[in-house]
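S.K.: Got a structure for you, questions after.
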């Protein structure tokens, strides 16, 4: 958009519309600190009573954080559901002291050191990323020149990626799980905003370089949710993209415009306001409206529209009832590129919780796809 056009657009749209559009996009772009808000009502040796919510009644295995990141527990299957309470299996407390009070559930069952429930040795390392040193986890497969770089999603932790590590290690693949800008406890982007993969991909490129410098002959990329958007940007923009042999995407953002539209609809936001927000992010008003230090053009993230540019085989795992990243764009992408994209749909899992609901199927699909 020419510089002179932005004020005209804003004036035509009206201040209220611009304000609403700015508020909407900031909700997606602004990192949030996790808050304990799920009541833990009772604890026994092998079971736990939680307040009933859509998350706590979901089938599968999950993690539970309490006291920030000082306590982590693993939740098993649902044992009983009442009007206000849910009883689940308590598979173990990895560290800390679990107590009644508030906690928060997450979609990944395992967490990293000092927990050892994964049964895989993980080293803490530091990567030299564009914004400074950032922590990463490395699970080595001795003597192997096959690597995987695993990328967590928006607002998630590196633990989101751990579910893939035992399967990959069984195939003799080294696993590197990096942090990236705006993660908790690491350097933030200069503007303190998510760029939805349009800048964060550079952090994953640095992880990829780490693997290459240590002898990787091929690297597989995994991405969950926004991590999928980072992976796709890297494939498009990195000088190291040719070393990537295949990609696994779990509940991925393959089109940010579609995700914005989806959430606008969920929040009863008129489509013109949603589209105005997307336009303003790439306009000279990006800083004023969204607090962005640079323009973001979501059209670069629309791999449904850009499907013809894909060059690497992709295993795409996605739940048809995903409540955060819509399933439809994944289905359209797979239909557009059946030569490269293999879609494996789930029918009950919430966002990024396909493994939680059916780990055996998830691990079998990944093992088949990632084997030599």
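S.K.: Which is free of Cβ contacts under 8 Å to residues at least 24 places away in the same chain and within 24 Å of residue 202 (Cα to Cα), of 246, 275, 295, 282?
M.R.: None of the others qualify; the one that does is 295.
S.K.: Here are the criteria: (1) modelled with pLDDT of 95 or more; (2) outside any helix (DSSP H, G or I); (3) surrounded by fewer than 18 Cβ atoms within 10 Å (Cβ to Cβ); (4) touching a strand residue (DSSP E or B) at 6+ places or on another chain (Cβ under 8 Å). Tell me which single one residue 338 does not satisfy.
M.R.: Condition not satisfied by residue 338: (4).
S.K.: For residue 321, which of the numbered conditions (1) in contact with a helix residue (DSSP H, G or I) (Cβ under 9 Å, 6 or more places away or on another chain); (2) surrounded by fewer than 22 Cβ atoms within 10 Å (Cβ to Cβ); (3) touching a residue at least 24 places away in the same chain (Cβ under 8 Å); (4) assigned to a loop (DSSP other than H, G, I, E, B) fails to hold?
M.R.: Among (1) in contact with a helix residue (DSSP H, G or I) (Cβ under 9 Å, 6 or more places away or on another chain); (2) surrounded by fewer than 22 Cβ atoms within 10 Å (Cβ to Cβ); (3) touching a residue at least 24 places away in the same chain (Cβ under 8 Å); (4) assigned to a loop (DSSP other than H, G, I, E, B), residue 321 violates only (1).
S.K.: So, in the stretch 51-82, exactly how many residues are free of Cβ contacts under 8 Å to residues at least 40 places away in the same chain and in a strand (DSSP E or B)?
M.R.: Within the stretch 51-82, residues that are free of Cβ contacts under 8 Å to residues at least 40 places away in the same chain and in a strand (DSSP E or B) number 11.
S.K.: For the stretch 198-288, which fully contained helices (runs of 4 or more DSSP H) count at least 2 residues that are in the same structural domain as residue 351 (by TED's automatic domain parsing) and in contact with a strand residue (DSSP E or B) (Cβ under 8 Å, 6 or more places away or on another chain)?
M.R.: In the stretch 198-288, 201-213, 226-237 are the helices (runs of 4 or more DSSP H) which contain 2 or more residues that are in the same structural domain as residue 351 (by TED's automatic domain parsing) and in contact with a strand residue (DSSP E or B) (Cβ under 8 Å, 6 or more places away or on another chain).
S.K.: Please state which one of 360, 371, 349, 367 is in contact with a helix residue (DSSP H, G or I) (Cβ under 6 Å, 6 or more places away or on another chain) and surrounded by fewer than 17 Cβ atoms within 10 Å (Cβ to Cβ).
M.R.: After ruling out the rest, the residue left standing is 367.
S.K.: Consider residue 235 carefully, then state whether it is under 19 Å from residue 147 (Cβ atoms) and under 16 Å from the mean Cα position of the chain (by Cα).
M.R.: no
S.K.: When only residues in the stretch 157-166 that are in a helix (DSSP H, G or I) and out of contact with any helix residue (DSSP H, G or I) (no Cβ under 6 Å at 6 or more places or on another chain) count, which is surrounded by the fewest Cβ atoms within 10 Å (Cβ to Cβ)?
M.R.: Checking each candidate, the answer is 166.
S.K.: Further, regarding this structure: Please enumerate the residues belonging to the stretch 121-156 that are within 12 Å of residue 180 (Cα to Cα), assigned to a loop (DSSP other than H, G, I, E, B) and out of contact with any strand residue (DSSP E or B) (no Cβ under 8 Å at 6 or more places or on another chain).
M.R.: 130, 131, 154, 155 - these are the residues of the stretch 121-156 that are within 12 Å of residue 180 (Cα to Cα), assigned to a loop (DSSP other than H, G, I, E, B) and out of contact with any strand residue (DSSP E or B) (no Cβ under 8 Å at 6 or more places or on another chain).
S.K.: Evaluate the stretch 169-187: report whether one residue or more is outside any loop (DSSP other than H, G, I, E, B), under 23 Å from residue 300 (Cβ atoms) and touching a helix residue (DSSP H, G or I) at 6+ places or on another chain (Cβ under 6 Å).
M.R.: yes
The values are calculated or read from the model by the stated rules, or taken from the named source; none is laboratory data. Please read these numbers as outputs of a predicted model, since none were measured by experiment. Cβ atoms come from the backbone with ideal geometry, glycine included; neighbour counts cover every protein chain shown.
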